[in-house]
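For reference, the structure discussed in these notes is given below.
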Amino acid sequence: MTEEYYLYTFESTHGAIATEKLLKTLGCTVMPVPRHISTSCGISVRVTVDKFDSSKETFLESTDLSPDEYHVYHITDDKSDKEQGFKFEQVQL
């Protein structure tokens, strides 16, 4: 089974909490940053593929974070392949 989603990661916990509040109406979830992705803050905000465009619009219109305080990744996670199933690609907003 393969999961696909987008992940917002942050340099600070403040950024993660503020973004979760911004995107809450889109059904985002807070989760730990996967170990494959390096970041200063261990909290990320997960958004489904079908809600990504709306989340991007809301985030860019409403965030007070500068671009160096967050990163966004497109994630595909093939649970049947434990060694090479997790793939991520950074997305520019």
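For segment 64-93, GluC sites (Glu not before Pro) meeting the loop criterion (DSSP other than H, G, I, E, B) and having at most 16 other Cβ atoms within 10 Å: Glu83. Between segment 57-93 and segment 1-49, what is the separation of their alpha carbon centroids in Å? Between the Cα centres of segment 57-93 and segment 1-49 lies a distance of 8 Å.
Among the trypsin sites (Lys or Arg not before Pro) within segment 6-55, those in coil by DSSP and having at most 10 neighbouring Cβ atoms inside 10 Å are Arg35.
Calculated from the structure at hand, Rg and Dmax of the Cα atoms in Å is found among (1) 17.3, 50; (2) 11.2, 33; (3) 12.7, 39 as (3).
Suppose the chain between Thr76 and Leu26 were pulled fully straight at 0.36 nm per residue; how much longer would it get relative to their current alpha carbon spacing? Display every interim value, and only then the final one.
Values: separation 50, 0.36 × 50 = 18.00 nm, distance 2.00 nm.
Once the chain is fully extended between Thr76 and Leu26, it gains 16.0 nm.
Considering every alpha-carbon pair of segment 34-74, the percent of pairs per 5 Å bin, from zero through the bin containing the longest distance, is 5, 18, 30, 26, 18, 4.
For the chain, which whole percent of the accessible surface, found with a 1.4 angstrom probe, sits on carbon and sulfur atoms?
Values: 2670 of 5710 Å².
Exposed carbon and sulfur together represent 47 percent of the surface.
Protein heavy-atom accessible surface, 1.4 Å probe, per residue over the chain: 61 Å². Round to the nearest 10 and give me the degree value, 0 to 90, for the angle of helix 13-23's Cα axis relative to the longest principal axis of the chain. That works out to roughly 90 degrees.
Between helix 52-62 and the chain, what is the angle of the helix's C-alpha long axis to the longest principal axis, kept within 0 to 90° and rounded to the nearest 10? Once rounded, one gets 30 degrees.
Bridgeable lysines around Lys21 (alpha carbons under 20 Å apart, same-chain partners fewer than 8 residues away excluded): Lys51, Lys56.
The values are calculated or read from the model by the stated rules, or taken from the named source; none is laboratory data. The structure displayed is predicted, hence computed values, not measured ones. Using ideal geometry, Cβ is built from the backbone for each residue, glycine included, and neighbour counts are taken over all protein chains shown. These accessible areas exclude ligands, DNA and RNA; they are computed on the full protein's heavy atoms, side chains included. Shrake-Rupley method; radii C 1.70, N 1.55, O 1.52, S 1.80 Å.
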